[in-house]
1. What does DSSP give for the chain in terms of the percent of beta bridges that are antiparallel, rounded to the nearest 5?
2. If you plug each phi of the range 259-264 into the Karplus form 6.51 cos²θ - 1.76 cosθ + 1.60 with θ = phi - 60°, what whole-Hz ³J(HN,Hα) values come out, in order, with x for Gly and Pro?
3. What do you get for trypsin sites (Lys or Arg not before Pro) in the range 7-93 restricted to DSSP loop and a cutoff of at most 12 other Cβ within 10 Å of the site's Cβ?
4. Do you know the relative contact order of the chain, to the nearest whole percent, from alpha carbon pairs under 8 angstrom that are 6+ apart?
5. Using the Cβ atoms and a cut-off under 13 Å, what net charge is assigned to the surroundings of residue 261, where Lys and Arg are +1 and Asp and Glu are -1?
6. To the nearest 20 Debye, how big is the dipole of the range 1-77 about its Cα centre, given +1 on the beta carbon of each Lys and Arg and -1 on that of each Asp and Glu?
7. Rounded to a whole number of µm²/s, how large is the Stokes-Einstein D of the range 224-294 at 20 °C and 1.002 mPa s, given Rh as the Kirkwood radius over C-alpha pairs?
8. Have a look at 103, 84, 44 and report the one farthest towards the positive end of the charge dipole of the range 20-115, computed about the Cα centre with Cβ charges (Lys/Arg +1, Asp/Glu -1).
Amino acid sequence: MIKVEHLTKRYGGTAAVNDITFQVKKGEIVGFLGPNGAGKSTTMRMLAGYLPPTSGRAEIAGCDIFHDSLRAREHIGYMPEHVPLPQDMRVCEYLRFRGALKGIPGRRIKERLNDVYDLCSLGDVDRKLIGALSKGYRQRVGLADAMIHEPVLLILDEPTIGLDPNQIRQVRELIRNLRSHHTILISTHILSEVEMTCSRVLIIAKGRIEAMDTPENLRARLSEGGEATLEIRASDAGAAARKLKAVEGVLSCTHQTDGDWIRFTMQIKGDPRENLHTLALAEKWPLRELSRKSATLEQVFVEVTHAEEL
C-alpha cells in the first residue's frame, strides 16, 4: 500500500527526513513514533502530497505521489495534527462541502455521509455548529472528513492529541474498527495506544528510521531484560544486595525496607528468576514476592531514540 524508497527532505543544510525506506502492507495499522522534531509530520505531509521531497520516491497504491500526485491523493485520507475546521459551519454542511471538493457525485454524497456518521458516531451532532462541539467530536469530524471519499489509506497525525482518557479510548476503538476497511499510518506520542492498536511500529529519530517491527518483537529484540522484584526477610540488606548483584542476569539492584521485609528492585537481562529463587532458598530468606516485569515499548522507544532527545 505504501512504498517509500530513500525519501529525503532538506531545509537548507538540515535534513528533516534523511534517506528513509519502508513499506506498509494493505490492511496494516502501523504506528509511526519519534521524539518531537524527529521527522514524523514531515514524512506524513510528503506522503499526503502537502510537501515535495528533496529526493527519493514514494508510492501509494501503486501511484507515484510526486509524478502522479492527483491519482495518488485519491487513495489517501489525511488528518493533520491540528484539524482546520470552520467554526461557523454545521457538521453536515462541512462534510457535504468536503465531499464535493473531493469529487464525490451528488447522488453518492448522502450515502457517504450516513456511512461516516455511523463509523464516527456523528449522527447525533450532524446539525450542530462545529464551533459548539467538544474537542473529541471535532476530532471525529476531522476523521470523517479524511474518510468521506473512501480512501484505501488513512494517514492520521496525532489523532488523539488534546483528548481526555475517555475520548482517547473512543477514538482508539474507532481506529480499530476501521482496520477492515482501511490501511492506517498513525503518528502518536501515546505508546500504550500503539501497543493496543498497531500491528507494526516504525521508530524515527533525527530523520532516520531506527527500528521497524511488531511491538512484541521490538521489546524482545531491543530490550531483552526488564525489571525483577524480590521481597524477602534478611538480617543484612547490604549483604543480600551484594549477593543478588552476583546472580547472572542481574545488572543493578536497589532496595527499600517495609517493616521486617526488604524489597529489592533489579534491572535484569534475560530471566534470572530461577537463580534468584535458588539463592533465596540457599540463604534461607523468607520469600514474599518474586516477579518480573517485561520491557515496555516506552523503554524500547527511549533506548532507540536516546533518552536525551525526549
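Read-outs: derived from the displayed coordinates by stated rules, not from any lab. This one's a predicted model, so the numbers in the text were calculated from it and none came from an experiment. Cβ coordinates were reconstructed from backbone atoms using ideal geometry, including for glycine residues, and neighbour counts include every protein chain displayed.
1. Numbers: 42 of 59 bridges.
Expressed as a percentage, antiparallel bridges in the chain total about 70.
2. In residue order, the calculated couplings are x, 7, 9, 10, 9, 9 Hz.
3. Details: sites: 9, 10, 25, 26, 40, 45, 57, 71, 73, 90; in loops: 25, 26.
Those that pass, being in a loop and sparsely packed, are 25, 26.
4. Details: 582 pairs, mean separation 59.9, N = 310.
Dividing the mean separation by the residue count of the chain yields 19 percent.
5. Details: positive: 233, 263, 288; negative: 231, 258, 260, 289.
For residues surrounding residue 261, the net value is -1.
6. Working: 10 positive and 7 negative charges, 28 e Å.
Dipole magnitude for the range 1-77 comes out near 140 debye.
7. Values: Rh = 11.8 Å.
So the translational diffusion coefficient is about 182 µm²/s.
8. It is 103, whose Cα lies furthest towards the positive end.
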